[in-house]
Amino acid sequence: MKYQVYNKKEMVNLNSGKFRSFFLKYKLLFFSFVSFAAPFSIYAATLEPKLVGGDTSWYATHVLKMIVLVPTGYPSFSIAGKLISFLPVKDLAYRLNLLSAVFGALTVLFIFLAINLAIKNEVLSLAASLALAFTISFWSLSNRFEMDTINTFFLALILYSAFLYREKPDRKHLYFASASMGLFLTDHPIALFVMPAMLIYIVIINPKIFKSIRAVLLGILFFAVPLGLYAWLPVRSWMGYGSVKTARDFLLYITGRYSSGEVHGGSFGDKSLNGVLIVIKEFFQIIFKNYGIFLIVIAFAGLIYCFVKNYKFAICALIAIISNFLIISFYIGWAPENHVLDSILMVSVFTGYGFLLIYDTVKRAYKKTEKLKILKIIVTVIMLAAFMALPALMAFNNYEAADNSQVEDIYIFWDKIYKTIEPGSSLYVASASANIGQYIGIFEQPDKKINFILNKDKAYSVDNIKKDMAQGRKVYFAGIEDWLVPNFNIEPLMNYYWPRFNEKIYLYRLTGEKAQFTVTGKVQSRQIKYGQSLTITYEIKNSSKNSADISSLELELPQSLKYAGITQSSQINIDPALSRGKLMWVKTFTVEPGSPLVLVFSAKAVKAGEGKIMFRASSQDFYFEAEPLDITVTE
């Protein structure tokens, strides 16, 4: 047997060739792995550890209990959220937040695959997809529990399947694209307005295939199968976790309306032209904020290059962007960042084309300089490194703003509330942060058995609070509605200012029921002449069962009257002091039930005109006011 002998140089060349062959074989897999792993690792590092306010904690309480969400029901988000809750990783809140990180990273992966199919350059595609990954809007929605990254994943899947179908316009890729579009409609309702542009693109790639009835019917079937996820709505409703009970309810719900016919989240026909223009401006400001002027210029150049390379997609992508900002402008009336994400994905594709334009331009510039091969290699390496530096720089610049890895103060405040109040207490809540407390009570501290009552619930009432008191249950308030204050004495325990909603949230403990007073006034005559005097009487009745104290009385006379003194029939026999234009009796007056406190005084008409006599009594840090008395002084 003969053995071939290689010298050292030949061995190096051989090993180098094997490595090159191996890398070329698996480079797409390598770049795909990086496109998923890089953003996912950073999303996980900046992941919100708990569920904080607004939609996030509201979604959590509903998804975990498998309650049907608001129209359109968001079945794919609901099912995915419930499934990931079973993952044996850290606590429940972390797992739910992880859902957005997973689908955010999957979005980046499939955007990479889509762009690479379009421009045939893994490095440039990776740079463009990672630039998307580290835009502040996309990143911020990828590290907390939201439905938006599932929506962007489905759109990225459509783009990938569409470019794959363009490359191989056969039936199986048509069916893949059809199924992707069906999935797209099972999450965010904005998909209904963006998806038609993608459908047009699919159709114009290979119109001839639609001459086959079989291909059309199977395409419709593959489109319809994912829509079966909407069965979640009636199934859960029939089990008592939703309001979709009839076919009419179902049709209304999936088209964004409640059973009453009320449209959820917005309205049509009530937006002014000026308002629409403002929203369109906000829309493009969001895109600018995410990409900056440099990448915007590259993306715009990429759009032009896309018209050269793939004009059908360029036209349809522009239609999708236009549809996106039009539905936001005419339906919502303002530009939420999460509603702009679909357009940001389109911009990421244009960014890929922009990178390709730069790359191709530089390649053409040194194409004829064969003698400077090493220089071409150096220039190419530097150029590709510069492309990759852009998303790296975006990650560095946006990290602090997107980092949600520390538990927010509002969650800590609610955690303290639960640790402060006694087990079995009733907690009446009037705060924008209520969903956080509700989540903690149900899923994190259920052993406290707190009776959690929201201000929109029927149980949030004076009668129900009195019922809790009668049963000996401790009562607390996290925030309190003004109309409850006259009925109860409360003691502040702690507070927190929540800058997100500009809200000062107090935790109060109920210390007892307020004594209730009625203050009525009467006047000798409603009309007197200049220089005459009249007698005014105020009666303060205690309608409670026990005696209660009045801490002060305030009287405000119109300019036409002048205080003339206490009369002999008055139970209060001291004159008031003048303070800030008001006459005040600052003294404790005890009022017994059934025995009213009577104040009688006289006033003299000193000026012609009309006016009102205002009077109120202060007790338990609350004012009990009498109805104003109208007085007319004539010449």
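The values are calculated or read from the model by the stated rules, or taken from the named source; none is laboratory data. Every value quoted in this text rests on a predicted model; they were computed, and no experiment measured them. Cβ sites come from the backbone with ideal geometry, for glycine too, and all protein chains shown count toward neighbours.
Each row is one residue, and each column tells you yes or no for (1) in contact with a Cys (Cβ under 9 Å, 6 or more places away or on another chain); (2) at pLDDT 95 or above; (3) under 30 Å from LYS466 (Cβ atoms).
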residue: ASP549; (1), (2), (3): no, no, yes
residue: LEU553; (1), (2), (3): no, yes, yes
residue: SER570; (1), (2), (3): no, no, no
residue: LEU578; (1), (2), (3): no, no, no
residue: LYS587; (1), (2), (3): no, no, no
residue: GLY609; (1), (2), (3): no, no, no
residue: SER619; (1), (2), (3): no, no, yes
residue: PHE624; (1), (2), (3): no, no, yes
residue: GLU635; (1), (2), (3): no, no, no
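Kindly indicate whether any position in the stretch 599-607 is within 24 Å of PRO486 (Cβ to Cβ), within 57 Å of the chain's Cα centre (by Cα), in contact (Cβ under 8 Å) with a residue 40 or more places away in the chain and surrounded by fewer than 19 Cβ atoms within 10 Å (Cβ to Cβ).
The first filter runs over the stretch 599-607 and keeps only residues within 24 Å of PRO486 (Cβ to Cβ), leaving 599.
Applying the additional criterion that residues be within 57 Å of the chain's Cα centre (by Cα) yields 599.
Pick out the ones that are also in contact (Cβ under 8 Å) with a residue 40 or more places away in the chain and you get 599.
Next cut, surrounded by fewer than 19 Cβ atoms within 10 Å (Cβ to Cβ) only: none.
Taking every residue of the stretch 599-607 in turn, none turns out to be within 24 Å of PRO486 (Cβ to Cβ), within 57 Å of the chain's Cα centre (by Cα), in contact (Cβ under 8 Å) with a residue 40 or more places away in the chain and surrounded by fewer than 19 Cβ atoms within 10 Å (Cβ to Cβ).
Which residue pairs have Cβ atoms under 7 Å apart, sit 6 or more places apart or on different chains, and have a first residue in the stretch 555-580 that is assigned by TED's automatic domain parsing to the domain that holds GLY521 and in contact (Cβ under 8 Å) with a residue 24 or more places away in the chain and a second that is of a type in the set (Lys, Arg) and in a loop (DSSP other than H, G, I, E, B)?
GLN559/LYS607; SER560/LYS607
Got a sec? Which helices (runs of 4 or more DSSP H) wholly within the stretch 146-222 have at least 3 residues that are in contact (Cβ under 8 Å) with a residue 60 or more places away in the chain and either within 30 Å of VAL70 (Cβ to Cβ) or touching a strand residue (DSSP E or B) at 6+ places or on another chain (Cβ under 8 Å) (or both)? Even if it seems obvious, please write down each step before you answer.
Numbers: elements: 148-167, 171-184, 191-205.
Passing ranges, in order: 148-167, 191-205.
Hey, can you tell me all the residues within the stretch 247-283 that are farther than 27 Å from ILE344 by Cβ and in contact with a strand residue (DSSP E or B) (Cβ under 7 Å, 6 or more places away or on another chain)?
ARG257
Looking only at residues that are within 30 Å of TYR476 (Cα to Cα) and among the charged types (D, E, K, R) in the stretch 370-428, which one is surrounded by the fewest Cβ atoms within 10 Å (Cβ to Cβ)?
Kept after step one, since they are within 30 Å of TYR476 (Cα to Cα), are these residues of the stretch 370-428: 406-428.
Going one step further and asking which of them are among the charged types (D, E, K, R), we end up with 408-409, 415-416, 419, 422.
Details: GLU408: 18, ASP409: 13, ASP415: 17, LYS416: 14, LYS419: 9, GLU422: 11.
Among those residues, the one meeting the criterion is LYS419.
Just to be sure I understand the filter: pairs with C-beta atoms under 7 Å, separated by 6 or more residues or on different chains, first member in the stretch 60-72 and closer than 15 Å to GLY441 by Cβ, second member part of a helix (DSSP H, G or I). Which pairs pass?
ALA60/LEU96; ALA60/TYR439; THR61/ASN435; THR61/GLN438; THR61/TYR439; THR61/ILE442; LEU64/LYS82; LEU64/PHE443
Which residues, taken from the stretch 551-571, are surrounded by fewer than 19 Cβ atoms within 10 Å (Cβ to Cβ) and either basic (Lys, Arg) or over 51 Å from the mean Cα position of the chain (by Cα) (or both)?
Answer for the stretch 551-571, where residues must be surrounded by fewer than 19 Cβ atoms within 10 Å (Cβ to Cβ) and either basic (Lys, Arg) or over 51 Å from the mean Cα position of the chain (by Cα) (or both): GLN559, LYS562, TYR563, ALA564, GLY565, ILE566, THR567, GLN568, SER569, SER570, GLN571.
I need the full set of residues from the stretch 61-97 which are surrounded by fewer than 22 Cβ atoms within 10 Å (Cβ to Cβ), part of a helix (DSSP H, G or I) and out of contact with any Phe, Trp or Tyr (no Cβ under 6 Å at 6 or more places or on another chain), in order please.
If the condition is that a residue be surrounded by fewer than 22 Cβ atoms within 10 Å (Cβ to Cβ), part of a helix (DSSP H, G or I) and out of contact with any Phe, Trp or Tyr (no Cβ under 6 Å at 6 or more places or on another chain), then HIS62, LEU64, ILE79, ALA80, LYS82, LEU83, ILE84, TYR94, ARG95 are the ones that fit.
Only one residue in MET394, MET388, MET383 is modelled with pLDDT of 95 or more and of a type in the set (A, V, I, L, M), so which one is that? Please lay out each step first, then the result.
Working: MET388 fails: modelled with pLDDT of 95 or more; MET383 fails: modelled with pLDDT of 95 or more.
Testing whether each residue is modelled with pLDDT of 95 or more and of a type in the set (A, V, I, L, M) leaves just MET394.
Conditions (1) among the charged types (D, E, K, R); (2) farther than 22 Å from ILE298 by Cα; (3) surrounded by 24 or more Cβ atoms within 10 Å (Cβ to Cβ); (4) touching a Leu at 6+ places or on another chain (Cβ under 7 Å), marked per residue:
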| position | (1), (2), (3), (4) |
| --- | --- |
| VAL108 | no, no, yes, yes |
| TYR165 | no, yes, yes, yes |
| SER180 | no, yes, yes, yes |
| VAL203 | no, yes, no, no |
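Can you tell which of TYR399, TYR359, TYR418, TYR411 is touching a helix residue (DSSP H, G or I) at 6+ places or on another chain (Cβ under 7 Å) and under 29 Å from LEU132 (Cα atoms)?
Working: TYR399 fails: touching a helix residue (DSSP H, G or I) at 6+ places or on another chain (Cβ under 7 Å); TYR418 fails: under 29 Å from LEU132 (Cα atoms); TYR411 fails: under 29 Å from LEU132 (Cα atoms).
None of the others qualify; the one that does is TYR359.
Each row is one residue, and each column tells you yes or no for (1) in the same structural domain as LYS82 (by TED's automatic domain parsing); (2) in contact with a helix residue (DSSP H, G or I) (Cβ under 7 Å, 6 or more places away or on another chain); (3) buried (at least 16 other Cβ atoms within 10 Å of the Cβ); (4) of a type in the set (A, V, I, L, M).
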position: SER142; (1), (2), (3), (4): yes, yes, yes, no
position: ASP170; (1), (2), (3), (4): yes, no, no, no
position: VAL194; (1), (2), (3), (4): yes, yes, yes, yes
position: LEU199; (1), (2), (3), (4): yes, yes, yes, yes
position: PHE223; (1), (2), (3), (4): yes, yes, yes, no
